[in-house]
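See below for the structure under consideration.
The values are calculated or read from the model by the stated rules, or taken from the named source; none is laboratory data. Because the structure is a prediction, the values reported are computed rather than measured. Here the Cβ is made from the backbone with ideal geometry for all residues, glycine too, and neighbour counts use every protein chain on show. SASA here: full protein model, heavy atoms, side chains in, ligands and nucleic acids out. Shrake-Rupley method; radii C 1.70, N 1.55, O 1.52, S 1.80 Å.
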Amino acid sequence: MASVVLSEAEKLYIVHGVQEDLRVDGRGCEDYRCAEVETDVVSNTSGSARVKLGETDILVGIKAEMGTPKLEKPDEGYLEFFVDCSSNSPELEGRGGEELGTDIANTLYRVFSCENSVDLKSLCINPKEHCWALYVDVLLLECGGNIFDAISIAVKAALFNTRIPKVRVLEDEEGTKEIELSDDPYDCIRLNVDEVPCIVTLSKIGYRHVVDATLQEEACSLASLLISVTSKGAITSMKKVGKGSLDPESIFEMMETGQRVGKSLHIALQKILDEEETLGTSRPKVGFLG
């Protein structure tokens, strides 16, 4: 992961500020940076989104392809995650970027392992034979801290934007089944993302914890807690990262903060997604993908 080098004096300044609930950029401990969310930014995908959270820049594209259901879940479709971090900085080229990408992908698999996160049964076309597989490609364009939260926001926005063609299963007299795709590009399936969790990362700095840490704040934190939270405030998974330790009291406090902040994050994100939806194709394209 991208990192910065700070002097002891700079670290002390950040830590003391956090203790007073006043961070270097003026935010409180539970405040996110300004986020920009844009959907439908890549034309050759079933759904896409770009999220800028402070200096962190994430692009997600989703492709729906027909596949065969997995043996253990013959009546469901499935999601596959691939994360590319190599475009971010020279230190993430090669093995370093691969390890980070694998770690992020494994975290996403864990977050979406909850049965209710996405209705995978709606992706089944013909049990045991055909289903939709959603390939979620995540590209880390720039890292300015808190990449897990930004990626989870971008994945949820891209899933909201995803449109899957409607299909019919036709069977002839001999019992042979054929798949017929609808000719109407607007005749499609939309995914329900109400239960899709977002990740809230809480970084322990001194005796307090902060959300949406910058690179400088991450350099002052020895341990962080990644919590995936639904729009109703339910925690679906947790993961501790960093070399430091967390005492039980801190973990419970961080869980309460994660639930509270996570619910607010979902409300703000859904409002933006609904606004973009009402604009349709008339909305202006921004950024280098416009």
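Filtering segment 94-150 to residues that are touching a Ser or Thr at 6+ places or on another chain (Cβ under 8 Å), open to solvent by less than 70 Å² (accessible area, probe 1.4 Å) and closer than 18 Å to N192 by Cβ leaves V111, C114, S117, C131, L134. When the residues of segment 39-86 are filtered to those that are among the polar types (S, T, N, Q) and assigned to a strand (DSSP E or B), the one that is surrounded by the fewest Cβ atoms within 10 Å (Cβ to Cβ) is T39. Being among the acidic types (D, E), assigned to a loop (DSSP other than H, G, I, E, B), modelled with pLDDT of 90 or more and closer than 25 Å to K239 by Cα is the requirement here; does D31 meet it? Yes; evaluated as a whole, the condition is true for this residue. Listed by position, the strands (runs of 3 or more DSSP E) inside segment 170-271 whose residues that are crowded, with 22+ Cβ neighbours inside 10 Å number at least 3 are 198-205, 208-211, 223-229.
Can G258 be described as over 19 Å from the mean Cα position of the chain (by Cα), closer than 22 Å to N106 by Cα and not β-branched (V, I, T)? When the stated conditions are applied, G258 does not pass them.
Pairs are defined by a Cβ separation below 9 Å, a sequence spacing of at least 6 or placement on different chains, a first member in segment 1-25 that is at negative phi and modelled with pLDDT under 95, and a second member that is β-branched (V, I, T) and open to solvent by 60 Å² or more (accessible area, probe 1.4 Å); the pairs so defined are Y13/V24; I14/V24; G17/V24.
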